[in-house]
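A short worksheet on the structure shown next.
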Amino acid sequence: MENDQHNKALKFQTASLRRCAKAALFLHRLNSPRAVNNNEEEHEKLKKEMRDLKMELVKERWKNKKMKLCGFMELLLQILLLLSLWIFFLLFFFGGP
């Protein structure tokens, strides 16, 4: 189970890195001297694709933060359950007459 989660996290990081590299490539192409000589339509197409990639990156970051928060809440709930069971058994066995 842990290995499966590790594989999913690794795939997610790889996909994010690939998208970042693609965005960097588009930024480089947009700022290159050749881009100035190309027609305006291609320039606008690159800008639109960059905006789309930036939005996708923001969505992935948001999803990553939500996953971290859910993982933290799950850990917190497990700790609370363990603590509750521990207190219950202490009171049950050593609680008194």
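The values are calculated or read from the model by the stated rules, or taken from the named source; none is laboratory data. Bear in mind the structure is a predicted one, so any value in this text is a computation, not a measurement. Virtual Cβ from ideal backbone geometry, glycine too; neighbours counted across all protein chains shown.
Residues that are in contact with a Phe, Trp or Tyr (Cβ under 9 Å, 6 or more places away or on another chain) and modelled with pLDDT under 90 were ranked within the stretch 48-68; the one that is surrounded by the fewest Cβ atoms within 10 Å (Cβ to Cβ) is E49.
Cβ-Cβ contacts under 7 Å between residues 6 or more apart (or on different chains), taken from a first residue in the stretch 45-61 that is part of a helix (DSSP H, G or I) to a second residue that is surrounded by 13 or more Cβ atoms within 10 Å (Cβ to Cβ) and of a type in the set (S, T, N, Q), are listed as E60/S16.
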